[in-house]
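Colleague: Structure provided below as structure tokens; questions to follow.
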Amino acid sequence: MKTAANLNFGEKAFITAIDETHPSFRRIIEIGFTPGQEIELVNKSIFNDPLAFSLRGTVIAIRKNEAESIILS
Amino acid sequence: MIANTTVSTPLVTLVGPPNSGKTTLFNLLSGKNFKTVNYPGSTIEYNSSHFLPKFDINCNLLDSPGIISLVPSSPDETITINSLYEHPKFGIPKLVIVTVDSSQLSRHLLLVKQLLSSNFSVIIVLTMADILKKKGFTISASMLEEKIGCKVVKIDGRTGKGIEDLITVVKQQLQKENDEVTYLNKIVPNLHAENVLNHFKEIEAIENEVVNQIADEKDLRRANEKLTTLSQKLQSKPDSFTLKLDKILLHPIWGLVLFLFITGAMFTSIFWLALPLMELVDESFASLANLASNYFGYNWYGDLISDGIISSAGAVLIFVPQIVILFLILGFLEDTGYLARGAMLIDKPLSKIGLNGRSFVPMLSGFACAIPAILAARTISNRKERLLTIFIIPLMSCSARLPVYALLIAFIIPKENFLMGGFIFSFIYLFSIISSVIIAGIINKFNKSIIREEDNSSFILELPAYKIPRFSSVYRNTISSTKAYLKEAGPVIITFSIILWALTYFPNTNPQIDITNLSPEEVHEVQKMERVSTSYAAQIGKFTEPIMKPIGMDWRIGVSLISAFVAREVFVSALVLIFKITGDEETLRDSLLNAMRNAEIEGTNQKLFTPSTILGLIVFFVFAMQCLSTVAVAKKETGSWRIPILQILIFSGFAYFAAFITVNGLRLLGFA
């Protein structure tokens, strides 16, 4: 299963689902990571965590374990 | 919940996601006149104000903290959101103005949807249409109004254009007959996830209709040029300049190098810029104190006013320049959008020791003063991480330690040797940073017994588009942080300084001394010292003898260390009093250093201040929890005495232990 944490630099993909069991689930969808949206990995911090995604016209940084709950097509 | 429309002054509340231009709008509507009000019994702050007189609207205007959703995720957010529904002081808002970034429509309309489904009376203010235009798009306010079902006004935050339209709409909405009882519905959390997804679907449909490509030929050509390189959904692409700049500023290696450089430069500039101002405060209060004792004469109340009150007010105000400069610089960095990147860069290392990228700014502020730093920890939504951040902030080397280190270093390093002094200074800072990281890690390991909180650790942060910072938005935070410092530290320092003054003044108020050949000033000085050495403070100090002896010191340092509990820098002035130093301002430190060199542990020929006891003292000041105002603020912000008491026990206990090891270790190695 491909998640946002597996994206390479500059790679784009569509979100198909968000893992509802993740403790940050609600925050993740509220900030705009919803099924059907296209995201792109634009930056990684040192140690490859957190990751920054381009989403809905802005850039959102989330931790790697949070990115793992974002399931891509 | 039933809306109570009988509240005397109607309330208009500003709501909006972070980075949506809410603060700019608040400034435009209210001028720079505002009061910071705390939600009773909590640390949530609201800025309250009124509309500018020229707008002729008699309403309270409330600015609320930035939120992205009406469903809270942390205890603080629960309070923020509950008081949006009904504020304990101002009541229920008659009108809610929501700021929405035009280029972020699809994210920011979520809050609007939630407010509307809660039955709030809502006006949308569209901001940053210029950014959308730069991307080649335009937004139709009237279309949005029709689709979403509430009034929409466009405002240009830079020029204030559109503000008159907003005022007209606000007046219309307020005048609307509001006889029917309004019910405000709280959003039910368990249905929430599905709601959010549905809202987003509706919003995306709306966005497609209201946002259009610019038809103007010239703009269109420019937009078309961009279209060839970007995907078709151009408005969903972040600002390209920001993406380019982030390639450097968030680079795994260069990003880190620049991060260290920027924070380092910030520090240095804080110290250099603040230094002349601090000297100015110091000198003016010294001459004010002189003036007072000349005016009132050399009696107990003259002494109370000059030594007790004026000097302690000076001790409070001397840190204002540093705090103002720190928050100005932090504010500018925040406003450019860089601080969010800093938090992202440092999140991983900090999460290893149980902290969060958001702990970074509070910890940095701790190098100026722990009080505003502890207040700044409010931005950390995770309770455990917030408490842990507050816990270790006193270990950051605050500026009150500077005069102490300066004196102690001057004792071991000759004045001419600038380089060595500077080197030791940097070493102390590095030492304090490394040891506070280690201590934070240890405290995190014992989280269950020390912090006693467990919370889902999360880091979700928008990295806003870079922009040129504006003074008006920086100004507000600087003022409120400075006010917070004065309010929290002022009364504590002044009260305890007066108590300390009394302890050093009584009971021997009129000591007998030989006054032959002495000027009135000299008589006053000699009397003062005689009074101190026979005072209550000296008597109490003698009790510290058994504690001070193992670390090679005596009761005189003990008294000074107790005085340092008021504020660390008081240590120096306490030494001046105890070692009976007289002299004019210029040579005060030299005479103190001389007295320190000659001081012997009472009853022996052993020197009191040696390189090993000096290093022991430095180590003590690195770790010890000494500042009463910090204790008071930590109590207030954590909601109980537990954390501040643990800070005193753990930090001061460890400080004593470390000083013991340092002094005795050095002596075993053959140092004096």
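The values are calculated or read from the model by the stated rules, or taken from the named source; none is laboratory data. Bear in mind the structure is a predicted one, so any value in this text is a computation, not a measurement. For neighbour counting, all protein chains shown are included, and Cβ atoms are generated from backbone atoms with ideal geometry for every residue, glycine included. Surface accessibility is based on the protein's heavy atoms, side chains included, excluding ligands, DNA and RNA. Shrake-Rupley method; radii C 1.70, N 1.55, O 1.52, S 1.80 Å.
Colleague: Work out from phi, with θ = phi - 60° and the Karplus expression 6.51 cos²θ - 1.76 cosθ + 1.60, the ³J(HN,Hα) of each residue of region B:13-18, listed in order in whole Hz, and give x for Gly and Pro.
Modeller: 10, 8, 10, x, x, x
Colleague: Excluding ligands and nucleic acids, what accessible area in Å² is computed for A:Phe9 using a 1.4 Å probe, to the nearest 10?
Modeller: That residue has around 110 Å² of solvent-accessible surface.
Colleague: Where does the charge balance sit around B:Phe120 when Lys and Arg score +1, Asp and Glu -1, over other residues with C-beta under 13 Å from its C-beta?
Modeller: Local net charge: +3.
Colleague: While we're looking at this one, here's another question. Quick check of the Kirkwood formula: for the protein assembly as shown, what is the inverse mean of 1/r over all pairs of different Cα atoms, in Å?
Modeller: Over the protein assembly as shown, the inverse of the mean reciprocal pair distance is 28.8 Å.
Colleague: Which of the residues in region B:249-278 show a loss of at least 50 Å² in accessible area from their chain by itself to the complete set of protein chains, at a probe of 1.4 Å?
Modeller: For region B:249-278, once contacts with the other chains are taken into account, B:Pro252 lose 50 Å² or more.
Colleague: Return the whole-Å distance between the Cα centroid of region B:518-543 and the Cα centroid of region B:92-165.
Modeller: Cα centres, region B:518-543 to region B:92-165: 69 Å.
Colleague: In vacuo Debye scattering of region B:491-668, one point per C-alpha: log10 I(q)/I(0) at q = 0.10, 0.15, 0.16 Å⁻¹?
Modeller: -0.44, -0.95, -1.06
Colleague: Mind grabbing the accessible area of B:Cys627 for me, 1.4 Å probe, Å², rounded to tens?
Modeller: 20
Colleague: Residue by residue through region B:453-470, what is 3J(HN,Hα) from phi via Karplus (6.51 cos²θ - 1.76 cosθ + 1.60, θ = phi - 60°)? Round to whole Hz and write x for glycine and proline.
Modeller: 9, 10, 8, 5, 6, 8, 9, 10, 9, 6, 9, x, 4, 5, 8, 6, x, 10
Colleague: Amide H to amide H under 5 Å from B:Asp101: which residues, 5+ apart in sequence or cross-chain, H placed 1.01 Å off N in plane?
Modeller: B:Thr127
Colleague: Let me ask something else about it. Would you mind getting the accessible area per residue of region B:68-167, heavy atoms of the protein chains only, 1.4 Å probe, in Å²?
Modeller: Here the residues of region B:68-167 average 34 Å² of exposed surface.
Colleague: So in chain B, what percent of DSSP beta bridges are antiparallel if you round to the nearest 5?
Modeller: 45
Colleague: Another question, if that's okay. Let me check against my output: what whole-number percent is the relative contact order of region B:309-368, with C-alpha pairs under 8 Å and at least 6 apart? Don't skip to the end; give the middle numbers.
Modeller: Numbers: 29 pairs, mean separation 15.9, N = 60.
Result for region B:309-368 is 26 percent.
Colleague: Another question, then. Around B:Arg470, with a cut-off of 10 angstrom between Cβ atoms, what is the net charge of the other residues, counting Lys and Arg +1 and Asp and Glu -1? Mind showing how you got there, number by number?
Modeller: Values: positive: B:Arg158, B:Lys467; negative: B:Asp335.
Residues close to B:Arg470 contribute a combined charge of +1.
Colleague: Could you tell me what percent of the accessible area of chain B is made up of carbon and sulfur, with a 1.4 Å probe and every protein chain present?
Modeller: 62
Colleague: Here is a further query. Please state the charge dipole magnitude for region A:4-72, taken about the Cα centre, from unit charges on C-beta atoms (+1 on K and R, -1 on D and E), reported in debye and rounded to the nearest 20.
Modeller: 160
Colleague: Can you give the % of DSSP beta bridges in the protein assembly as shown that are antiparallel, to the nearest 5?
Modeller: Numbers: 34 of 52 bridges.
Within the protein assembly as shown, antiparallel bridges account for around 65 percent of the total.
Colleague: As a test question: what accessible area, to the nearest 10 Å², does B:Tyr298 have when a 1.4 Å probe is rolled over all protein chains in place?
Modeller: That residue has around 90 Å² of solvent-accessible surface.
Colleague: Using the alpha-carbon centroid of each, what span in Å lies between region B:425-475 and region B:264-317?
Modeller: 33
Colleague: For region B:413-490, which trypsin sites (Lys or Arg not before Pro) are in a loop by DSSP, counting at most 10 other Cβ atoms within 10 Å?
Modeller: Listed in order of number, the matching sites are B:Lys415.
Colleague: Can you compute 3J(HN,Hα) from phi for each residue in region B:146-159, using the Karplus curve 6.51 cos²θ - 1.76 cosθ + 1.60 with θ = phi - 60°, rounded to whole Hz and x for Gly and Pro?
Modeller: Values per residue, Gly and Pro as x: 5, 6, 9, x, 8, 5, 10, 10, 8, 9, 9, x, 6, 9 Hz.
Colleague: Follow-up. What residues qualify as long-range amide H neighbours of B:His50, i.e. H under 5 Å apart, gap of 5 or more or another chain, H built at 1.01 Å from N?
Modeller: Excluding prolines and chain starts, which carry no amide H, the hits are B:Leu61.
Colleague: How big is the A-B contact in terms of buried accessible area, both chains counted, 1.4 Å probe, rounded to the nearest 100 Å²?
Modeller: 3500
Colleague: Which cross-chain or sequence-distant (5 or more) residues have an amide H under 5 Å from the amide H of B:Leu463, H modelled 1.01 Å from N in plane?
Modeller: Residues meeting the criterion, in which the H sits 1.01 Å from N, are A:Val59, A:Ile60, A:Ala61.
Colleague: Can you give me the Kirkwood hydrodynamic radius for region B:71-186, using every pair of distinct Cα atoms, in Å to one decimal?
Modeller: 15.5
Colleague: Per DSSP H run of at least 4 residues, take -39500 (n - 2.57); add these up for chain B, divide by its residues and hand me the 222 nm value, nearest 500 deg cm²/dmol.
Modeller: Rounded to the nearest 500, the figure is -18000 deg cm²/dmol.
Colleague: Using Cα-Cα distances under 8 Å and only pairs 6 or more residues apart, what relative contact order does chain B have, in percent?
Modeller: Relative contact order for chain B comes out at 10 percent.
Colleague: How large are Rg and Dmax for region B:359-489 when calculated on the C-alpha trace, in angstrom?
Modeller: Rg, Dmax (Cα atoms, Å): 18.0, 54.
Colleague: Give me the Kirkwood hydrodynamic radius of chain B, using the inverse of the mean 1/r over all pairs of distinct Cα atoms, in Å to one decimal. Don't skip to the end; give the middle numbers.
Modeller: Working: mean 1/r = 0.0354 Å⁻¹.
It works out to 28.3 Å.
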